[in-house]
1. Just give me the residues in region A:211-270 being of a type in the set (A, V, I, L, M), under 24 Å from A:Glu189 (Cα atoms) and modelled with pLDDT of 85 or more, in sequence order.
2. Picking from A:Leu297, A:Leu289, which residue would you name as being surrounded by 17 or more Cβ atoms within 10 Å (Cβ to Cβ), in contact with a helix residue (DSSP H, G or I) (Cβ under 7 Å, 6 or more places away or on another chain) and either more than 9 Å from every other protein chain (Cβ to nearest Cβ) or among the aliphatic types (A, V, I, L, M) (or both)?
3. In the set A:Ile346, A:Ile323, which member is assigned to a loop (DSSP other than H, G, I, E, B) and either of a type in the set (A, V, I, L, M) or within 14 Å of chain B (Cβ to nearest Cβ) (or both)?
4. Inspect region C:42-59 for any residue being under 12 Å from the mean Cα position of the chain (by Cα), outside any helix (DSSP H, G or I) and more than 14 Å from every other protein chain (Cβ to nearest Cβ) and give the result as yes or no.
5. I need a count of the residues in region A:163-179 that are farther than 19 Å from A:Ser221 by Cβ and out of contact with any Asp or Glu (no Cβ under 7 Å at 6 or more places or on another chain).
6. Out of the helices (runs of 4 or more DSSP H) lying entirely within region A:159-277, which hold 1 or more residues that are polar (S, T, N, Q)?
7. If you go through region A:159-189 one residue at a time, how many are surrounded by fewer than 17 Cβ atoms within 10 Å (Cβ to Cβ), closer than 19 Å to A:Ala225 by Cα and among the charged types (D, E, K, R)?
8. Identify, by number, the condition in (1) in a loop (DSSP other than H, G, I, E, B); (2) within 14 Å of chain B (Cβ to nearest Cβ) that A:Leu331 doesn't meet.
Amino acid sequence: MGYGDVAVAGEVAYRQMIDSITEYEVIRLDLQGTVRSWHPGAERLTGYPADEVLGHSVRMFYTEDDILAGRLEQELRTATETGRYETEGWRVRKDGSRFWAAVSLTPIRDPDGPVTGFVKVVRDLTERRDEQVAALAIEQMLDAITDYEVIRLDLDGNVRSWSPGAQRLKQYTADEVLGRHVSMFYAEEDIRSGQAQKELATAERAGRCETEGWRVRKDGSRFWASVIITPIRDQAGEVTGFVKVARDLTERREQEQLVQRQRDEILELSTPVIEVWQKVLVLPVIGTLDSLRAARLTEGLLERIARDQAEVVILDISGVPAIDTDVAQHLLKTVEAARLMGTVSILSGVRPETAQAIVHLGIELGGLRSRNSLRDALQVALHLVGVGNVAERDTAGV
Amino acid sequence: MSDEVPILRVGGNLLVTLQGNLDDSTVEQIENAVTSEVARTAASGVLIDVSGLSIVDSFVARVIARLVAMVGLLGAASTIVGLQPAVAITLVELGVPMGHVRTALNAEQGIALLRGARDERVH
Amino acid sequence: MSVFTDQAVLTVSIDGEADLLRVRSVLRAEAQQVGLGLTAATKLVTAGSELARNIIRYATHGQGAMAVERLGREDRLGVRAVFTDDGPGIADLDLVMRDGYSTGGSLGLGLPGSRRLVDEFSIDSSPGQGTRVVIAQWAR
């Protein structure tokens, strides 16, 4: 379509047509991109009246970045070479505000061929773009959730949407599940008992259904899942479907089981702890303590305390040949750790040499009770756990 | 990562359970919930259940200590309950001062301890 | 006695509090794989948590990373974690490694404490050069 060959009468009709376009801008540019025509639609879009635009470069509507990047020249060149240039980008109004525009540039040619100008059509896409950006952001967010499954079910429980997280979790691709009933992921025993239907009914009734249970992947393997089902309601409040979020808890469960095994192992590694009374343990510390042995002793003792819920622990050091700062430090740390758990410790088997060494070394026992004989320590212990009349009562705080 | 902080009433005491990931906002929620519950119920004691914490670094230790302090300012005694063995050893090695914090093996022992603490105060 | 690193290096970027969970779970998983006992694993993860919190709290825009790898030495396996950040760096290393040093009413950088929790600990830092802390824990 070349403006050049339209007859004068046709030109008037054409002018009228362009003028009637109020939602678009349809203008003519010359070879350099100078604006050669204007109309009400263009004014409405950009806020500029004709006299402020005609004779000026169309660059005036571009953003600074685009101007610096030589965007106009690129566009004109591309339009000339390929016959049409379409793009989307920011344009600037008279008041400085920006709008997101769909732009097309079409070259106008003389009958003999050379380009004499361009027709530029601009459309404001701002509103549509905002919606698009929001929709894209939500899509990206959902896709980013690969550790969870977030899917939609219809009222009957058939799968209506799938997600990368769901695929990762259950191994099925979308076309393998869409339209099928959600019970396909449940374990056999749950399918028979109608578990899925029960959960959907609960979600509908209570507004939410949160459960844990076995689910089955495509390859038949099971995993322990945490599942939350919530109903989707329309504006009238009627339930039209459900959203199901599921998470694989297998790892956490395995983790818990592993930790329990480790704790059992520590107990088995025979730390020689003796339960002499209910809630009273005695740990005979014998021989020299290298740091490895000392650490094992402490671990074993603390695990026993946890297992037996021991309120008092007697550390008997009569079997320790010589007390030095390292041994003392280790004992004190053990005592403090036991205290943090809620257990009181008593040091027993403190021989005269030991008492001297402790004081000479400047070791502070703090509030740690200590006794020369195991028997004395036991008396204190029994008092602490509330057993009968014990002579130690008055000195219990020592 | 709870929207509601789990706080139970046990007689004249409150039991609050610390678990999961304690980030700044969760901590704030917990502090708000505990202090207002203590005031509202005029609780004389607070049991802080830490049995679910498998990692207690210095930040978490300070959170606990601060909670104890806040509760104390409201006139209630508090007790840490159920610290795991491995966590206890680690805390001692880490060197965070926890000397002033009352501790108990379990809720039952904690309640007995709090009763004793209350009796001490009254006399 | 050579030390070799087994398998790839796992990197976790540390930008915010949300990354703490990942730091801890990666360390825990590696500790398990290598056979660290419960106490040794707890200490390693706790040290890692301390160092990661430092990065979040003090580094520029709280950005840094942890790189974890498994180690092998004769018949023992271990875990090494390197914590790096592009923060302001530490002017006086001796001071911060001293017990009892603290800034702003907290326990400072918790570095001396972290050091006590692990078998190996080294720190490199200077003002404007960021900080690099390497810790390692060996299975007994």
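The values are calculated or read from the model by the stated rules, or taken from the named source; none is laboratory data. Everything quoted here is computed from the prediction, not taken from an experiment. Every residue, glycine among them, receives a Cβ derived from its backbone with ideal geometry; neighbour counts consider all protein chains shown.
1. Within region A:211-270, the first condition is being of a type in the set (A, V, I, L, M), and the residues that meet it are A:216, A:225, A:227-229, A:232, A:236, A:239, A:243, A:245-246, A:249, A:258-259, A:266-267, A:269.
Now restrict to residues that are under 24 Å from A:Glu189 (Cα atoms): A:216, A:225, A:227-229, A:243, A:245-246, A:249.
Those that are of a type in the set (A, V, I, L, M), under 24 Å from A:Glu189 (Cα atoms) and modelled with pLDDT of 85 or more: A:Val216, A:Ala225, A:Val227, A:Ile228, A:Ile229, A:Val243, A:Val245, A:Ala246.
2. Just a single option satisfies the conditions, and that option is A:Leu289.
3. A:Ile323
4. No, the conditions are met nowhere in region C:42-59.
5. Counting residues in region A:163-179 that are farther than 19 Å from A:Ser221 by Cβ and out of contact with any Asp or Glu (no Cβ under 7 Å at 6 or more places or on another chain) gives 4.
6. The qualifying helices (runs of 4 or more DSSP H) are A:164-170, A:195-206, A:250-268.
7. 3
8. Of the numbered conditions (1) in a loop (DSSP other than H, G, I, E, B); (2) within 14 Å of chain B (Cβ to nearest Cβ), the odd one out for A:Leu331 is (1).
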